[in-house]
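Asker: Here's a structure for you.
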Amino acid sequence: MDVLRQLLIIAIFPGGIFMLLIGLVYAWINGKLIARLQNRVGPRWFQPFADMLKLITKEEIVPEGTNKLLFELLPIVALAGPMTAALYVPMAGLRPSSSFQGDLIVTIYLLSLMTLCTGFAGANTRDRFSTIGATRALTQLFSYEAPFLLALLGPAIVAGTWQISEIITTNQGLWLVVTQPISFVIAIIGLMGKLEMHPFDAPEAKTEIVAGALTEYSGRGLALFKVGHYVELVIGLTLVAALFLGGLANPLMFLLKTLGLLLGISFLEALMTRLRIDQTVGLWWRYGSVLALLQLVILVIWSTLVS
Amino acid sequence: MTLEERSSPILKAFEKAVAWARMNSVWAVHYNSGSCNGCDIELLTTITPRYDVERIGIKLAGSPRHADVLVCTGPVTGQGKDALLRTYEQMPAPKFVVAIGTCALSGGVFEGSYNTYDGIDGLVPVDVYIPGCPPRPEAIINGFAQLLEKVENYA
Ligand code: SF4
């Protein structure tokens, strides 16, 4: 019975099929919002489904000079990382299906797996565009990762625990976005960096380096990477909403809060243009991490004064 | 795959779904094989919000590896030929080719020139021809409509 339950959790909810579907739906909402902000009609609701089905059934070319095993394996790992992270966040407003002391850190690292895989995938091929894309992806990873982690540390410090479900129950009262606005902003922008969204899309800049690290991927590999991105978007939104917007009590709250965040992210994405890679790194190290540290110092001093 | 296997209802439904997906998600890679840029500007106009073909799933992909359709303009100059062939060969199957502009169809004003190949259909198989010098965005959209029919019936 227990095995069956575990299998259901992994295959249907909150892992597996549910994550795939909700990821595609959120990707569509994101695309539609941006299109409307740019005065376009935008994609139809089934667009991501059609894209993925088409990509999966397309021929997959393994270019010369690559390690074939890595080439096939990396997209799978890139999707598996965010999928596993789905087990630790309160997906759809329900309790996390798995939880232990320290799962916040594990979730953050699982979310980074995607970028790492993109970087390796780019470095694995001989193509120069992929290599440049991989370098940029990894450089960017090093710039936003620390501030993002520091930002998510805030709620954990206030709650005095590393466990996502406990952080949420301890911080029930006032929404943390009120008491820790800096952390919230950094977490949101860090999420956009993680997802290589608009101001931070130098790693896959279409107009400069073709398609970045994924230039050589066709068919299945590309589809898996894309779905991985979509899933990561949902997980990131859930995580930030759960930590900063007063938890996710039920599915309706989940939808309202994550879609609200998505609206904000889409606005930012439509507003801004691409930053150069050195500007991205400078932004994160000069302002992002300093502000995150400032917030942490305030929190620590405040909590010692209170106790 | 044998004929009996092909006729099983599940496979048929699957093939239908795949045909639907292909038709609703056409990613194009644009190659300029030596055109005067008139056709390219018109192609880009087709993607702007005013004509907006992205609403029916057609968009430009950066890499030929991601693309389903090679949209080619220009009469193919001697220098452009190798890159055209390479771009075409880098695309994963199933792939289609759209020739835009009189130059890409027949050589246009460059017909018979010493360093052009008089159209791209001598080098790669072309699925849809869109004549005009340059064709209007409406004509390009019409060409895409013909292409979608072809994509749907691709087996
Ligand atoms: S068809 Fe006309 S507009 Fe197009 S490339 Fe040739 S000369 Fe230029």
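The values are calculated or read from the model by the stated rules, or taken from the named source; none is laboratory data. It should be emphasised that the depicted structure is a prediction, and the values quoted were computed from it without experimental measurement. Positions of Cβ are backbone-derived with ideal geometry, glycine not excepted, and every protein chain shown enters the neighbour counts. Surface accessibility is based on the protein's heavy atoms, side chains included, excluding ligands, DNA and RNA. Shrake-Rupley method; radii C 1.70, N 1.55, O 1.52, S 1.80 Å.
Asker: Pick from segment A:42-68 the residues that are at pLDDT 85 or above and within 21 Å of A:Ile265 (Cβ to Cβ): which of them is farthest from the other protein chains (Cβ to nearest Cβ)?
Answerer: Restricting to residues being at pLDDT 85 or above and within 21 Å of A:Ile265 (Cβ to Cβ), the top hit is A:Trp45.
Asker: I'm told B:Gly62 meets every condition in (1) more than 14 Å from chain A (Cβ to nearest Cβ); (2) part of a loop (DSSP other than H, G, I, E, B) except one. Can you identify the failing condition by its number?
Answerer: The failed condition is (1).
Asker: Would you confirm, using the coordinates I've provided, whether B:Thr45 is under 22 Å from B:Glu138 (Cα atoms), surrounded by fewer than 19 Cβ atoms within 10 Å (Cβ to Cβ) and more than 12 Å from every other protein chain (Cβ to nearest Cβ)?
Answerer: Criteria met by B:Thr45.
Asker: With the structure loaded, tell me whether A:Ile168 is under 25 Å from A:Phe100 (Cα atoms), over 14 Å from the mean Cα position of the chain (by Cα) and either within 14 Å of chain B (Cβ to nearest Cβ) or open to solvent by 20 Å² or more (accessible area, probe 1.4 Å) (or both) or whether it fails that test.
Answerer: yes
Asker: Something else now. For segment B:12-38, what are the residues that are within 16 Å of the ligand (Cβ to nearest atom), open to solvent by less than 40 Å² (accessible area, probe 1.4 Å) and part of a loop (DSSP other than H, G, I, E, B)?
Answerer: Within segment B:12-38, B:Ser33, B:Gly34, B:Ser35 meet the criteria.
Asker: I'd like to know if segment B:96-107 contains one or more residues that are at pLDDT below 85 and over 28 Å from B:Asp52 (Cα atoms). Before you say what the answer is, go through the steps one by one.
Answerer: Step one: of segment B:96-107, the residues at pLDDT below 85 are B:107.
Still in the running and over 28 Å from B:Asp52 (Cα atoms): B:107.
For segment B:96-107, residues at pLDDT below 85 and over 28 Å from B:Asp52 (Cα atoms): present.
Asker: What residue, among those in segment B:65-84 that are of a type in the set (A, V, I, L, M, F, W, C) and assigned to a loop (DSSP other than H, G, I, E, B), is farthest from the ligand (Cβ to nearest atom)? So that I can check it myself, show each step before the final result.
Answerer: In the first step, residues of segment B:65-84 are kept if they are of a type in the set (A, V, I, L, M, F, W, C); the result is B:67, B:69-72, B:76, B:83-84.
The next check asks that each one be assigned to a loop (DSSP other than H, G, I, E, B); those that pass are B:67, B:76.
Values: B:Ala67: 21, B:Val76: 11 Å.
Taking the candidates together, the pick is B:Ala67.
Asker: Residues B:Pro125, B:Pro94: which one is under 16 Å from the mean Cα position of the chain (by Cα), within 14 Å of chain A (Cβ to nearest Cβ) and either within 16 Å of the ligand (Cβ to nearest atom) or in a loop (DSSP other than H, G, I, E, B) (or both)?
Answerer: B:Pro94
Asker: Go through the residues of segment B:134-141 one by one and say whether even a single one is out of contact with any Lys or Arg (no Cβ under 7 Å at 6 or more places or on another chain), away from the ligand (no atom under 16 Å from the Cβ), open to solvent by 40 Å² or more (accessible area, probe 1.4 Å) and modelled with pLDDT of 90 or more. Show your work before the answer.
Answerer: Let us first name the residues in segment B:134-141 that are out of contact with any Lys or Arg (no Cβ under 7 Å at 6 or more places or on another chain), namely B:134-141.
Among the residues that remain, those that are also away from the ligand (no atom under 16 Å from the Cβ) are: B:141.
With open to solvent by 40 Å² or more (accessible area, probe 1.4 Å) added as a condition, the list becomes B:141.
Now restrict to residues that are modelled with pLDDT of 90 or more: B:141.
There is at least one residue in segment B:134-141 that is out of contact with any Lys or Arg (no Cβ under 7 Å at 6 or more places or on another chain), away from the ligand (no atom under 16 Å from the Cβ), open to solvent by 40 Å² or more (accessible area, probe 1.4 Å) and modelled with pLDDT of 90 or more.
Asker: Condition test on B:Thr87, is it within 14 Å of the ligand (Cβ to nearest atom) and closer than 18 Å to B:His30 by Cβ?
Answerer: So B:Thr87 does not fit the description; no.
Asker: Let me ask something else. Would you pick out the residues in segment A:69-90 that are more than 17 Å from A:Thr115 (Cβ to Cβ) and modelled with pLDDT of 85 or more? Lay out the reasoning, then the answer.
Answerer: Quick first cut of segment A:69-90, residues more than 17 Å from A:Thr115 (Cβ to Cβ) only: A:69, A:71-72, A:86-90.
Listed by number, the residues that qualify are A:Leu69, A:Phe71, A:Glu72.
Asker: Considering each of A:Gly81, A:Gly42, A:Gly31, A:Gly23 in turn, give the residue that is assigned to a loop (DSSP other than H, G, I, E, B) and open to solvent by less than 50 Å² (accessible area, probe 1.4 Å).
Answerer: Testing whether each residue is assigned to a loop (DSSP other than H, G, I, E, B) and open to solvent by less than 50 Å² (accessible area, probe 1.4 Å) leaves just A:Gly42.
Asker: If you go through segment B:20-34 one residue at a time, how many are over 16 Å from B:Leu85 (Cβ atoms) and hydroxyl-bearing (Ser, Thr, Tyr)?
Answerer: Total meeting the criteria: 1.
Asker: Would you mind listing the helices (runs of 4 or more DSSP H) fully within segment A:142-254 where at least 1 residues are modelled with pLDDT under 80?
Answerer: Output list reads A:164-170, A:176-179, A:206-209.
Asker: So, of the residues in segment B:39-59 that are at negative phi and assigned to a loop (DSSP other than H, G, I, E, B), which turns out to be farthest from the ligand (Cβ to nearest atom)?
Answerer: Initially, segment B:39-59 is screened for residues at negative phi, giving B:39-51, B:53-56, B:58-59.
Now drop any that are not assigned to a loop (DSSP other than H, G, I, E, B), which leaves B:48-51.
On the way: B:Thr48: 18, B:Pro49: 23, B:Arg50: 19, B:Tyr51: 17 Å.
Applying the filter and picking the extreme gives B:Pro49.
Asker: Here's another thing I want to ask about it. Mind checking whether some residue in segment B:110-119 is touching a Lys or Arg at 6+ places or on another chain (Cβ under 9 Å), buried (at least 19 other Cβ atoms within 10 Å of the Cβ) and either on the phi > 0 side of the Ramachandran plot or part of a loop (DSSP other than H, G, I, E, B) (or both)?
Answerer: yes
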